[in-house]
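Here is the structure we will look at, set down as structure tokens.
The values are calculated or read from the model by the stated rules, or taken from the named source; none is laboratory data. Everything numeric here is computed off the predicted structure, so don't read it as measured data. No Cβ is skipped: glycine too gets one built from the backbone with ideal geometry, and neighbour counts run over all protein chains shown. For accessibility, only protein heavy atoms count, side chains too; no ligands or nucleic acids. Shrake-Rupley method; radii C 1.70, N 1.55, O 1.52, S 1.80 Å.
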Amino acid sequence: MTTKPRVSMRAAINAKCKSCIYDPFAKGLGSWREQVADCCSSNCPLHPIRPTPRERKSDGPV
Ligand code: SF4
């Protein structure tokens, strides 16, 4: 019997969105997180929880 590797829900959602919209050749559109953040398919059930760019420490409150 083989066991499947465990994947977190967050990792699965990230992978789904990345495979859905990310174009690695469209450098002008930004990183995969930036491209996913720009997704405009608001009818997709994953849209509210899609991955977005991480905040940089320097972007925080002063
Ligand atoms: S939220 Fe956007 S990028 Fe993510 S799966 Fe849905 S349509 Fe694709």
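At-a-glance table
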| item | result |
| --- | --- |
| Neighbours by Cβ (under 8 Å, 6+ apart or cross-chain): first from the range 35-53, assigned to a loop (DSSP other than H, G, I, E, B) and near the ligand (Cβ under 8 Å from one of its atoms); second charged (D, E, K, R) and open to solvent by 60 Å² or more (accessible area, probe 1.4 Å) | Leu46/Lys16 |
| Total residues in the range 4-30, condition within 10 Å of the ligand (Cβ to nearest atom) and not in a helix (DSSP H, G or I) | 1 |
